[in-house]
Structure formats: C-alpha cells, structure tokens
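The numbers here are math on the coordinates, done by the rules we state, and not lab data. A quick note: this is a predicted structure, and the numbers were derived from the prediction, not measured. Virtual Cβ from ideal backbone geometry, glycine too; neighbours counted across all protein chains shown.
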Amino acid sequence: MIVQDWGTIDFHDAWRRQRELADAVLRLDHPDTLVFCEHPPVITLGRTTQDGSLLLSRELLAEQGIDVVEINRGGEATVHNPGQLVGYPIFNLTRSRQDLHWFLRLLEQAVIDTLSEYGVEAQRVDGLTGVWIGESRKICAIGIHCSRWVTSHGFALNVSNDLNLFNAIVPCGIRERGVTSLAREIDAVPSMQELKYGISRSLQIRLHADVSTYGVSL
C-alpha cells in the first residue's frame, strides 16, 4: 500500500483521478493506494439516497456556491468541506481478500484506532456503517464503490470542519442521529498530518494481520 496526498482538490477532479487510478490498480500495474484530500464545500448523494434527504433546493445551494453531485458510491447524502479529512482507498481486493464487508470494517477500525490515540472513544453502531461517538453522533461517514473488486470513494472524518452544512441534508439518511467533529469532542485537535499518518499506519497493520490470518500471502 502506498499513500498519496492530493491536498485540497475540487470533488469532480478528485473523482476523475480516482477513476484513472482505479483503472491502473485493476490492471495490477499500480499498487493499492490510499489517497488523502480535502474538498471545497460539496454535497454528494450516494446510490441509495432517499427522496427528502436533501433539505435545501439545489438552486439555493448553488447560489451559495455548493454543488450537489450524484455519485456511484454506496450510502446516502453526505457533506465534504474544508477541515474534513477525506480518504479514498483505491484497492484491488483480489490482492488481499474478496470481501466488501470485511473491507468496510477494516476502514472503520483504522479510524477507531487512530481516534483512540487522542483519547476519543469511537465505536461502531450495529447495522450502521461508519464511526460514531456514543450511539448518536457520527464522526466519520463511509461509503465505497467496488467494481471488479477494485474499491473507490471511501471515508470522511470530521476534524475541524463547519458542521452547519449538514443542516442541508439528512446525513446518511438517518434522521434521529446527529454528526460531530473532533473539534467538538476534544480541545487539542491533532493536525491533519498526524491523522493521515495514524490512519494509514493502522490500515496497513490491520490489513496485513487480517490477510495473514485469512491465509493470503502478500
């Protein structure tokens, strides 16, 4: 696994670059790659987005410079904006384990491991993808696309981003729960570089441990 940092990048440009990278990873002439980036404000709608998940009109959002993009990842509506750490794992699961649920749990655990280093007790909630503080505040949304066992899209960890934009949607289609960020949970927020290092390290360690247990040689 290698790591790429795309900095702050327009969502459409990042989506295009993901597709190009996924093609290379599919051909097995490029290693599995974890991409980190941030996006200017944008709302994305996954494949299972329900009617009513967008609470403001596209026209009103456009007037505020906020694009609404329908994309091919799993899940429903979410927000990306500066101060949120976005991770795109472009992995060919034929190299490791052809199990999408296993891979989702792996991503969740890498985030949980990293947050624990800063005294944040994050967890899973049964039946709901993502990472939570308690059972009512989502701190990290996860939604991936998988084609021919190559993954794209990924996770969005709220670090110090403005959460007000989430009022424009029903986050992940869940009306009875809210969202939070590291800045709301702790006083000393780690840097983006620290979080990138922690997540990539945990993901690589757990990937190798799980794959070895599963009996696949890397």
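Is there a residue in segment 142-163 that is more than 24 Å from Arg47 (Cβ to Cβ) and not in a loop (DSSP other than H, G, I, E, B)? Yes; the residues of segment 142-163 include at least one that is more than 24 Å from Arg47 (Cβ to Cβ) and not in a loop (DSSP other than H, G, I, E, B).
The residue of segment 91-101 that is nearest to Gln4 (Cα to Cα), among those that are in contact with a Leu (Cβ under 9 Å, 6 or more places away or on another chain) and not in a loop (DSSP other than H, G, I, E, B), is Asn92.
Quick check on Glu70: is it surrounded by fewer than 14 Cβ atoms within 10 Å (Cβ to Cβ), in contact (Cβ under 8 Å) with a residue 24 or more places away in the chain and among the acidic types (Asp, Glu)? Answer is yes for this residue. Residues considered: Glu117, Glu121, Glu135. Of these, the only one that is touching a residue at least 24 places away in the same chain (Cβ under 8 Å) and touching a strand residue (DSSP E or B) at 6+ places or on another chain (Cβ under 8 Å) is Glu135. Candidates in segment 41-67 are the residues that are touching a helix residue (DSSP H, G or I) at 6+ places or on another chain (Cβ under 6 Å) and under 18 Å from Leu128 (Cβ atoms); of these, the one that is surrounded by the most Cβ atoms within 10 Å (Cβ to Cβ) is Ser53.
Looking only at segment 49-90, residues that are closer than 30 Å to Leu203 by Cα, over 14 Å from the mean Cα position of the chain (by Cα), part of a strand (DSSP E or B) and not aliphatic (A, V, I, L, M) come to 1 in all.
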